[in-house]
Amino acid sequence: MDNEGLYIYCITDSAEPKEFKSAGIGGRGDRVYTISYDGMSAVVSQSPKMRYQALRENLMPHELVVEEAMQAFTALPVRFCTVAKTEEEVVEKGLKRFVVTLKDMIEKMKDKIELGLRVMWTDMGPIFAEIAETPEIKSLKRAPKPNLMVIGRRVEELLKIKKAKAVEDLLGKFNKLAVDCKLNSTYGDPWLMNAAFLVEKEKEKDFDELVNKIHEQSKDRINVKYVGPLAPYNFANVELMF
């Protein structure tokens, strides 16, 4: 059918034919299987040639397939909504065309996982109280005619400095166990850090223990959300052009 193509979920480091339990994207129950070339495979399913919206009902099957693949292989996630026309195109314009780059990425991601940390201050009241007690802010407030705009801007600047120091302290602990780290965007005053860490599988337990330790030591001050293990979306998200 002219409107049918192949949705690509990830690239693995195995050329063995394999079918997956996860259902394909689109809600049709299409089988998920591999197309191989030169010691690696693309994990695909039949799909209409369409642009999928980044909605939960589409993102979830994409992620579940990648998650299943990473249980058995090194899996490089392919950018969401990558659709090829035919199996031949998957091989020629995907696996074969980028074989050197893909094999290099597979080698770098081998035996590694992604772990995510989102850290927020639980209560901004004590944070602003600490800033208010700094000599600089006290001095500005004691001025004969305190300029509230100046004080407000300086409080905001000191909050950024305080946040940066807190993030630096956290990264100093976690980066010792990580191969790489990527800081993603944060929004709002309470949000301290949104970080992804690339970690060797054998160090996952140590990373878990450090998360638990920091949580117990600072749970009255910060809230830690820990996710993983994940495929390395932040470190090896493959873009294939069809």
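If the condition is being polar (S, T, N, Q) and within 24 Å of residue 115 (Cα to Cα), then the stretch 140-193 contributes 175, 184, 185, 186.
Let's see how each residue does on (1) surrounded by fewer than 17 Cβ atoms within 10 Å (Cβ to Cβ); (2) in contact (Cβ under 8 Å) with a residue 12 or more places away in the chain; (3) in a helix (DSSP H, G or I); (4) out of contact with any strand residue (DSSP E or B) (no Cβ under 6 Å at 6 or more places or on another chain):
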| residue | (1), (2), (3), (4) |
| --- | --- |
| 92 | yes, no, yes, yes |
| 104 | yes, no, yes, yes |
| 128 | yes, yes, yes, yes |
| 144 | yes, no, no, yes |
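Every condition in (1) touching a strand residue (DSSP E or B) at 6+ places or on another chain (Cβ under 6 Å); (2) touching a residue at least 12 places away in the same chain (Cβ under 8 Å) is met by residue 173 except one, and the failing one is (1). Condition first: touching a helix residue (DSSP H, G or I) at 6+ places or on another chain (Cβ under 7 Å) and assigned to a helix (DSSP H, G or I). Now tell me which residues in the stretch 188-213 satisfy that. Matches in the stretch 188-213: 203, 206, 207, 210. Among the residues of the stretch 1-47, those that are more than 24 Å from the chain's Cα centre (by Cα), of a type in the set (A, V, I, L, M, F, W, C) and part of a strand (DSSP E or B) comprise 6, 35.
Of everything in the stretch 225-242 that is open to solvent by 60 Å² or more (accessible area, probe 1.4 Å) and in a loop (DSSP other than H, G, I, E, B), the residue that is modelled with the lowest pLDDT is 242.
Quick check: is even one residue across the stretch 191-209 of a type in the set (Val, Ile, Thr), over 23 Å from residue 111 (Cα atoms) and open to solvent by less than 40 Å² (accessible area, probe 1.4 Å)? No, every residue in the stretch 191-209 fails to be of a type in the set (Val, Ile, Thr), over 23 Å from residue 111 (Cα atoms) and open to solvent by less than 40 Å² (accessible area, probe 1.4 Å).
The values are calculated or read from the model by the stated rules, or taken from the named source; none is laboratory data. Computed from a predicted structure; not experimentally measured. Counting neighbours? That spans all protein chains shown, and the Cβs are built from the backbone with ideal geometry, glycine included. In case anyone asks, the SASA skips ligands and DNA or RNA and just uses the protein heavy atoms, side chains included. Shrake-Rupley method; radii C 1.70, N 1.55, O 1.52, S 1.80 Å.
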